[in-house]
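Below you'll find the structure I mean.
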Amino acid sequence: MTKDEILDALTRVDASALFEEARRVRQTTKGQGVFLRGLIELSSVCERDCLYCGMRRSNPKTFRYSLSDDEILTSAKLAQQYHFGTVVLQAGECVGLWTQTRVAELVRRIKGETGQKVTLSLGERTEADYAAWRAAGADRYLLRFETTDRNLFTRIHPGNYTSDEHPRLACLHILKALGYEVGSGMMLGLPGQTLASVVNDLVTIQDLQLDMVGLGPYLADPQTPLGQSKESCEVPVSVDFTCRCYAMVRLLLPQANIPSTTALSTLDAQQGRLRGLSSGANVFMPNLTPVKYRSGYRIYPDKICVSAPEMDEMQALLNDFTALGLTPVEA
Ligand code: SAM
């Protein structure tokens, strides 16, 4: 597909043909299954100061917590009990907390005690860290490139970068070479982001032949510098536009696993995640972080699932899936 064709599909008035085609391809490659992954938010402590994220280091209002290894194992066992098959360990970036040795040991314990697949999402780390965790048995790594617009990325994601290469694309190449199943993607609607750059993001996703694609709307947080920005953006922050991107990814990478993200449900609590699953997405990640900590992982305001008891949440999910004719599968 050319860039002009992608842009046309993202912006034309009637997207019904795009959604229809994405559902057809999804049915062929993934069937009617929804892959469930248990999301465990390990910690809200972060050394980075990303301008868009509520967990940024210099936000004094964030409630900082960090799970113990035993708490993480308890959540991982819950995922096993629900037959999710995979746990996703995600955290703010903090090398001192998530040392190479500690994470490797956690991966070994989760795999040994629950037999599940392990996805890590711990940010930008050294090749040695990624290699040690892969050697310990980690299966997958999630690291969004956030935007392929290098200037915009550098502006909103400060770091000690010396190379001209996009730092997160550099990490993704390393992760792929180490044999991880790799996931990445972007935020949609960042101040200063252009539609042309979103088209580039989609082409990059295809070029990287990603195994998983995590993308979602950018939700402005007034406690962050970007959340206070008055800069305009060509890219809509909407359920419809996000779903168009899911559908496009399904056409560009028919085999990819595409989560319908929490941010989408935050935009539309009733229909968000279901519209994602009807537009080509095939993964949902229920939150298994212990309820008492969830308010700390506040990357944007009004994040859903901050207090719902796990069992109620699971039952509501299963009802929703059944209504769409989807069946949860272990993967
Ligand atoms: N530290 C890891 C990393 O940076 O990849 C994982 C945690 S980070 C909070 C997870 C993702 O949250 C980011 O990749 C970013 O896309 C998303 N995120 C952060 N702030 C957001 C916001 N205001 N709106 C939507 N998504 C946001």
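The values are calculated or read from the model by the stated rules, or taken from the named source; none is laboratory data. None of these values were measured; they are calculated from a predicted model. Cβ sites come from the backbone with ideal geometry, for glycine too, and all protein chains shown count toward neighbours. Protein only, heavy atoms only, side chains kept; ligands, DNA and RNA dropped before computing areas. Shrake-Rupley method; radii C 1.70, N 1.55, O 1.52, S 1.80 Å.
Using a 10 angstrom cutoff on alpha carbons, build the Gaussian network for the chain and name the most mobile of N160, N287, N319.
Checking each option, the largest mean-square fluctuation is seen for N160.
Do me a favour and compute the ellipsoid semi-axes for the range 1-66 from its Cα gyration tensor, root of five times each eigenvalue, largest one first, whole Å.
Result for the range 1-66: semi-axes of 38, 21, 10 Å.
Turning to a different aspect of this structure: At each listed q (0.19, 0.21, 0.22, 0.24 Å⁻¹), what is the log10 of I(q)/I(0) that the Debye formula gives for the range 226-331 modelled as equal alpha-carbon point scatterers?
-1.08, -1.23, -1.29, -1.40
Within straight cross-link reach of K77, meaning Cα distance under 21 Å, which lysines are found once same-chain residues fewer than 8 apart are removed?
K111, K117, K292
What ³J(HN,Hα) values, in whole Hz, does the Karplus curve 6.51 cos²θ - 1.76 cosθ + 1.60 give for the range 247-264 when θ = phi - 60°, with x put for Gly and Pro?
My calculation for the range 247-264 gives 4, 5, 4, 4, 6, 6, 9, x, 8, 5, 8, 10, x, 7, 7, 4, 4, 5 Hz in order.
Next up: Using only the Cα atoms, what convex hull volume per residue in Å³ does the chain have?
Working: hull volume 41.2 nm³, N = 331.
Per residue, the Cα convex hull of the chain comes to 125 Å³.
At a 1.4 Å probe radius, which order do M187, M1 fall into by accessible area, largest first?
M1, M187
T86's amide H: which non-local residues (gap 5+, or another chain) put their own amide H closer than 5 Å, with H modeled 1.01 Å from N in plane and none for Pro or chain starts?
G38, K117, A331
Still on this structure, I have one more. Rounded, prolate or oblate: pick one for the range 50-95, where a ≥ b ≥ c are the square roots of the eigenvalues of its C-alpha gyration tensor, a/c under 1.5 means rounded, and failing that, prolate if a/b is larger than b/c, else oblate.
Prolate.
What does the extension gain come out to for R48 and N319, with contour length at 0.36 nm per residue minus their alpha carbon separation?
Gain on extension, R48 to N319, equals 93.7 nm.
Along the range 88-94, what does the Karplus equation 6.51 cos²θ - 1.76 cosθ + 1.60 (θ = phi - 60°) give for ³J(HN,Hα), rounded to whole Hz, x for Gly and Pro?
With coefficients 6.51, -1.76 and 1.60, one gets 10, 9, 10, 7, x, 6, 7 Hz.
Let me know the shape class of the range 146-201, please: from the alpha-carbon gyration tensor, a ≥ b ≥ c as square roots of the eigenvalues, rounded when a/c is under 1.5, otherwise prolate if a/b is greater than b/c, or oblate.
Oblate.
Follow-up question, since we're still on this one. I'd like the distance separating the alpha-carbon centroids of the range 140-213 and the range 10-26, in whole Å.
Here the answer is 24 Å between Cα centres.
Using a simple spin-label model with points 7 Å from Cα along the Cα→Cβ vector, what separation in nm is obtained for Q209 and K230?
Those two pseudo-labels are separated by 4.9 nm.
Mind checking the range 206-282 for trypsin sites (Lys or Arg not before Pro) that DSSP puts in a loop (not H, G, I, E or B) and that have at most 12 other Cβ atoms within 10 Å?
K230
On to the next question. Probe radius 1.4 Å, ligands and nucleic acids left out: which of V329, V213 has the largest accessible area, and how do the rest follow?
So the residues, ranked largest to smallest area, are V329, V213.
What list of ³J(HN,Hα) couplings, whole Hz, do you get for the range 117-128 from phi and the Karplus terms 6.51, -1.76, 1.60, once you set θ to phi - 60° and write x for glycine and proline?
6, 10, 10, 9, 8, 10, x, 7, 10, 6, 4, 5
Just in the range 89-184: which chymotrypsin sites (Phe, Trp or Tyr not before Pro) are loop by DSSP and have at most 15 other Cβ atoms within 10 Å?
When the chymotrypsin sites (Phe, Trp or Tyr not before Pro) of the range 89-184 are filtered for loop state and at most 15 Cβ neighbours within 10 Å, Y161 remain.
Would you mind checking which residues have amide H under 5 Å from A91's amide H? H placed 1.01 Å from N; only 5 or more apart, or other chain.
Result for A91 returns L42, S121.
Taking R0 as 30 Å, what FRET efficiency do you get between Q32 and D240 from their Cβ-Cβ distance, rounded to the nearest 0.05?
So, using R0 = 30 Å, E works out to roughly 0.80.
Going by amide H atoms built from the backbone, whose H comes under 5 Å of the H on D211, apart from near neighbours?
Hits under the 5 Å cutoff: V182.
Which residues in the range 247-276 have a backbone N closer than 18 Å to a point placed 7 Å from the Cα of R24 along the Cα-to-Cβ line?
247-255
If you average the sequence gap of Cα pairs under 8 Å that are 6 or more apart and divide by the length of the range 243-306, what percent do you get for the contact order?
That works out to 36 percent.
Taking N as the number of residues in the range 179-237, what is its Cα Rg relative to 2.2 N^0.38 Å? If you can, show how the numbers build up before the last one.
Details: Rg = 13.3 Å, N = 59, 2.2 N^0.38 = 10.4 Å.
So the range 179-237 has a normalised radius of gyration of 1.28.
Let me ask another. Only helical DSSP H runs with n ≥ 4 go in: add -39500 (n - 2.57) per run for the chain, normalise by residue count and round the 222 nm mean residue ellipticity to 500 deg cm²/dmol.
Calculated mean residue ellipticity at 222 nm is -12000 deg cm²/dmol.
May I ask what percent, to the nearest 5, of DSSP beta bridges between residues of the range 1-158 are antiparallel?
The antiparallel fraction comes to roughly 10 percent.
How much net charge surrounds Q255 when only other residues with a Cβ under 10 Å from its Cβ are counted (Lys, Arg +1; Asp, Glu -1)?
+1
Classify the range 57-203: rounded, prolate or oblate, from the alpha-carbon gyration tensor (a ≥ b ≥ c, eigenvalue square roots; a/c under 1.5 rounded; otherwise prolate if a/b is larger than b/c)?
On the way: a/c = 1.81, a/b = 1.64, b/c = 1.10.
Prolate.
Once all Cα-Cα distances of the range 197-282 are split into 5 Å bins that start at 0, what whole-number percent is in each one?
3, 15, 24, 22, 18, 12, 6, 1
When the chain is fully extended, how far beyond the present Cα-Cα distance does D14 get from S66, taking 0.36 nm per residue of separation? Before the final figure, lay out the partial values.
Working: separation 52, 0.36 × 52 = 18.72 nm, distance 4.57 nm.
In short, 14.2 nm is gained.
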